[in-house]
Amino acid sequence: MSPERGPLFLARRSYRRRRLADAARVLPILGAILFCLPLVWKGTAAAGGTVQAMIYVFGLWTVLILASAILSRHLRLDESERENWHSARTGADGE
Amino acid sequence: MTVLNLLILVCLSYVVLLFGVAFAADRAALAGRASWLRSSVVYTLSLSIYCTAWTFYGAVGFAARSGLEFVTIYLGPTLVMIGWWWTLRRLVRVGRSQRITSIADLISSRYGKSNLLAVLVTVLAVVATTPYIALQLQSVTLSFAAFAETDPTATTLPDMQSTALWVAAGLALFTILFGTRNLDANERHHGVVMAIAMEAVVKLFALLAVGVFVVWGLSGGIGPTLERIEASALARFEVSGGRWIGLTMLSAMAFLTLPRMFQVLVVENEADEHLRTAAWAFPSYLMLMSLFVVPIAVVGLDMLPAGANPDLFVLTLPLMEGRDGLAILSFLGGFSSATSMVIVAAIALSTMVSNHVVMPLWLHYSGMAAVVSGDVRNVALMTRRLSIAGVLFLGYVYFRVSGGGTALAAIGLIAFVGVAQFLPALMGGLFWRGATRTGALAGVLLGAAIWLYSLFLPSFGASALLPQAVLDQGPWGLGWLRPQALFGAEGMDPVIHALMWSLLLNVAAFILGSLLSFPQPLERLQGAQFVNAFDQPGAPGGWSGGMAQSEDLLTMAQRIMGAREAQALFADAARRQGVAGYLPEPSPDFLQELERALAGSVGAATAHAMIGQIVGGAAVSVEDLMAVADETAQIMEYSIQLEAQSQELARTARQLRQANETLTQISVQKDAFLSQISHELRTPMTSIRAFSEILRDNQDLTPEEQSKYASIIHDETVRLTRLLDDLLDLSVLENGQVDLNIQTGTLEALLDRSVRAAGGDGDGFRIRRVRADEQVELTTDLDRLAQVFINLISNARKYCDAKPAILEIRARLAEDRLVVDFVDNGSGIPTDKHAVIFEKFSRIGQTRASGAGLGLAICREIMERLGGDIAYLPGQKGGAFRVTLPLDAGRLPARGAA
């Protein structure tokens, strides 16, 4: 990942989009941690057993899918803009 | 009709449907109506081959044995998919820009195109996948047997072995038919992908239908179902943390490294767009697949007798309740899961085996002679077909030998750990420039060895392949080397134990090997291109073909691809560039296209080297080298782009200069012709005038003298008329006002006639023909065609400078066209004259022979009227012209269409 030779501070829109890409990177890590949460409840008295874990896992799954859908929708714009900018700068067609 | 017979019937119709769908999709793709075949939806559905029969049947069994833990197998891929920005985006980008054909290809390509590494990966992939294929065969036979057991009328149970054999043979047939349509592994297998997408829908629908039936039909709704789970043996959430985390990681790794997943994820991927959709759509698919697994397991445990196989609950629950329709649907779901996995796995493995093992061996033993003779293509296709049959046969043999005893899920996880050994080399290759071939080799070798020793071999059961003593006390009594308790790690789950040790040591060897070794130049180059996949716009390694000679390229391509294919490719490229004839400009685009076409026959590496030989020096371009240099590359990139642009400009300028030269030449010729035509017209005119004056003024001429002068006037008039006829002919042809006199006759008769009219052979001029090839019925304007032939033959007679001059006339049929080549053995026409010979008034050199330079221009006009073409054919011994003509008279253009 090399630094882009762009301006030091980005316009508000591009700034937002970069943070979206960051969010897309964080999402799987967050998901992995949250999916491990049921392991913590195991020994405690509050543990509701398989049913509770099931509801939690499938609920979390749905949330992750929705988040991923929203992020990839917005990242599409990001990517195409970046490539436009890139090819405009270099005069070459991005692959 | 009994249920079993009905099942067989449904199953056969389903197979017919599958063939039909694949066939229709292939046809649609051929007809260019395939845009929907490339949609994101089809891509997402094709990913569902992750869900094999192990998932379809085995997940319920898994859940019945260990509760919610089964879900980890889906959580891993879910996390990988929603994390596409990290890895998959890069993987897909690299896969497309490097034209990767398999995971073995990717790893070998990254580490300096090392074939040793490719062979290692291939062998490990085959070893790990064979049991997996056996598992699919087993699931189909088991589900068949489940039906047979409930059928009271079935007198004999179907033989398990023969069912498996039939299934394997059918799958081999399907895969060979639709998976080896084309040699280029990068081209999409539309038929296969479409069939798999359909199977994805079938299996999801089947599992959801059984789930709905179990929850609402058998348990009475969601609330009661949850209560039932609370009351069951699975109520307590008792997963071990190690297995939960370990299996999630394992499935995530396997999702990236399984050869079949790599095939659909990377090789068949066509656009980043697909990945964006799949990022949320595929996790949804996985969630739906696992939604009803626990309810089905609980209800199955509850309602079915104690000894029932939990792996078959999906099937036996509807059967027990007498829902035969649902049971058959469920069977089809399992059948779909099994077949789609086997088909893609066989394609992926056969590509690897044929590209990295068989073809290198074959080329090595048959030498370069084979490459030149042009039969490489068929050999490669045949190897791939044989590999598919071989892979499926291996799976069948494994199924026979293992006897199908182990629980389904066990084999699946063992295979996962096996392919996970590719991950360090794969990820290290994508993210770490310092990763080297030595490191990758050491890592994969060590990881594979530990996997074999601690998981794969013991899985055959005690004393089967590893003696019991080794399992209990370790080899030579070394307790710390016990396969399932390495380094004293006792009491661990065997899968997690093997995963931990194999990967730990794999990564350690990979890093250590990379740190201690020094990479070769090609390795460093590839490493830079892989790691910086996003920083380089455009494809890597572009040719800059300034010095390339199109004619040399054509000669080489003809030898490898066959004359017809090569000429078609060149003519097509020339047409797209707007250049007439067979020689396109050697632009980088065209060179890349040519390299890709050659790679289909001789492999990417050989093709690259061959073009490099002719184009010269571009094998490692400036651009590539810049990528190796570090940050300076970023700064220099802009100037490289400028350089590319200036090259482009230079090319355009060259083309313009050429066009200008042609125009100037034509103009000069026109001037020359005008003076000549005035001269030609003037000479006969002068004598006609002189002799007619004599006839008018001298009354005392003898009758002999009168007749002599009159015949001179007549001859001169005839000469004048001929010249004017030619001019008129040309103008009529050019204006498209010609009437065609359509007749039918054989090419042989026509050529005989033309040869006679052109003066026959003799006088040091010989004509060679193959009369057997000339038995072609022609329906066209034979007189006009004869005019073309006569012109070509007499041109050869006039201008061929060899002693003795030999003209070869070769005729052949190409699809619906007749192609006649006239090739002489003279010095031919220099390249700079190719552009003008078909122009009016053009004569090569300062004319030795008579003629106004209208012959070839007339020929070209005639052939255009006849719906055909005449062109100069470069790359032959001497001067060569090719006449092409459609055989079908109906395709003649309408009169005056010009």
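Average partner chain C-beta neighbours within 10 Å, per residue of B:74-81?
The shielding value for this peptide is 4.
Over 10 Å intervals from 0, what percent of Cα-Cα pairs in the range B:35-86 sits in each interval?
Answer for the range B:35-86: a P(r) of 21, 40, 29, 9, 1 percent.
Tell me, what are the semi-axes, in whole angstrom and largest first, of the equivalent ellipsoid of the range B:422-535 as set by the roots of 5 times the Cα gyration tensor eigenvalues?
Three semi-axes, in Å: 35, 13, 11.
Around B:Ala805, which amide H atoms from residues at least 5 apart in sequence, or from another chain, sit under 5 Å from its own amide H, with H modelled in the peptide plane?
Long-range HN contacts for B:Ala805: B:Arg766.
Which loop trypsin sites (Lys or Arg not before Pro) in the range B:1-104, with loop taken from DSSP, have no more than 12 other Cβ atoms within 10 angstrom of their Cβ?
B:Arg33
Under the 0.36 nm per residue contour assumption, what length would be gained going from the current alpha-carbon distance of B:Ala659 and B:Leu173 to full extension?
169.5 nm
What is the extension gain from B:Met382 to B:Ser40, computed as 0.36 nm multiplied by their sequence separation minus the C-alpha to C-alpha distance, in nm to one decimal?
Computed gain between B:Met382 and B:Ser40 is 119.9 nm.
Mind checking the full-extension length gain between B:Leu17 and B:Ser517? Use 0.36 nm per residue of separation minus the Cα-Cα distance, one decimal, nm.
174.5 nm
Mind giving me the FRET efficiency for B:Lys798 and B:Ser646? R0 is 41 Å, r the Cβ-Cβ distance, nearest 0.05 is fine.
Calculated transfer efficiency: 0.35.
Tell me which of B:Ala233, B:Pro283, B:Ser387 sits at the most positive position along the dipole axis of the range B:3-410, charges placed on C-beta atoms (Lys, Arg +1; Asp, Glu -1).
Value: B:Ser387.
I need the semi-axes of the equivalent ellipsoid of the range B:3-410: take the C-alpha gyration tensor, multiply each eigenvalue by 5, square-root it, list largest first in whole angstrom.
Semi-axes from the Cα gyration tensor: 37, 24, 20 Å.
Please work out the Kirkwood hydrodynamic radius for the range B:656-735, using every pair of different C-alpha atoms, and report it in angstroms with one decimal place.
In the range B:656-735 this quantity evaluates to 15.3 Å.
What distance in nm lies between label points placed 7 Å from Cα along the C-beta direction at B:Ser66 and B:Thr831?
With each label point 7 Å from Cα toward Cβ, the separation is 6.9 nm.
For B:Asp572 and B:Leu471, what does the FRET efficiency come to when R0 = 51 Å and r is the distance between their Cβ atoms, rounded to the nearest 0.05?
Given R0 = 51 Å and the Cβ-Cβ separation, E is 0.20.
With only Lys, Arg, Asp and Glu charged, each at its Cβ (+1 for the first two, -1 for the last two), find how big the charge dipole of the range B:1-112 is about the Cα centre; round to the nearest 20 debye.
Dipole of the range B:1-112, to the nearest 20 debye: 540 debye.
At 7 Å along Cα-to-Cβ for each site, give me the label-to-label distance between A:Val26 and B:Asp821 in nm.
The answer from the label model is 6.8 nm.
What's the center-to-center distance, using Cα atoms, between the range B:252-281 and the range B:639-676 in Å?
The two parts, judged by their Cα centres, are 48 Å apart.
Roughly how many Å is it from the Cα centre of the range B:94-119 to that of the range B:753-775, as a whole number?
Answer, in whole Å: 55.
Averaged over its residues, how many other protein chain Cβ atoms are within 10 Å of peptide B:262-274's Cβ atoms?
For peptide B:262-274, the averaged partner shielding equals 1.
Please give me the summed charge of the neighbours of B:Gly300: other residues whose Cβ is under 15 Å from its Cβ, Lys and Arg +1, Asp and Glu -1.
0
Using a Förster distance of 22 angstrom, determine the FRET efficiency expected from the C-beta separation of B:Ala508 and B:Ala449, and round it to 0.05.
Calculated transfer efficiency: 0.95.
What is the range B:703-790 by shape, rounded, prolate or oblate, if you read a ≥ b ≥ c off the alpha carbon gyration tensor as root eigenvalues and call it rounded for a/c under 1.5, prolate for a/b larger than b/c, and oblate otherwise?
Oblate, since a/c reaches 1.5 and b/c is not below a/b.
Considering only B:Leu265, B:Leu165, B:Ala64, whose Cα is most displaced toward the positive end of the charge dipole of the range B:3-410, charges sitting on Cβ of Lys, Arg (+1) and Asp, Glu (-1)?
Comparing the listed Cα positions along the dipole, B:Leu265 ranks first.
If a paramagnetic tag sat 7 Å from the Cα of B:Ala690 along the Cα-Cβ line, which residues of the range B:715-753 would have the backbone N under 15 Å from that point?
In the range B:715-753, the label zone of B:Ala690 (backbone N under 15 Å from the point 7 Å along Cα→Cβ) covers B:715-717.
Ranked highest first by the average count of other Cβ atoms within 10 Å around their residues, in what order do B:200-207, B:263-270 fall?
So the order, starting with the most tightly packed, is B:263-270, B:200-207.
Modelling each spin label as a point 7 Å along the Cα-to-Cβ direction, I'd like the B:Val397/B:Glu593 distance in nm, to one decimal.
With each label placed 7 Å out from Cα toward Cβ, I get 4.6 nm.
Which Cα, out of B:Leu486, B:Ser502, B:Pro521, lies furthest along the positive dipole direction of the range B:422-535 (beta carbon charges, K/R +1, D/E -1)?
Farthest along the dipole direction, towards plus: B:Pro521.
State to the nearest 20 debye the size of the charge dipole of the range B:656-735 about its Cα centre, where the only charges are +1 on K and R beta carbons and -1 on D and E beta carbons.
Here the size comes out at about 280 debye.
Here is the link list: B:Lys798/B:Lys833; B:Lys670/B:Lys798; B:Lys708/B:Lys798; B:Lys113/B:Lys877; B:Lys833/B:Lys877. Which ones come out longer than 27 Å on Cα distance?
The pairs that break the limit, which is 27 Å between Cα atoms, are B:Lys708/B:Lys798; B:Lys113/B:Lys877.
Every read-out reported here was derived from the displayed coordinates using simple, explicitly stated rules and does not represent laboratory data. Values in this document were obtained by computation on a predicted structure and should not be read as measured data. Reconstructed Cβ throughout: ideal geometry from the backbone, glycine too, with neighbour counts over all protein chains shown.
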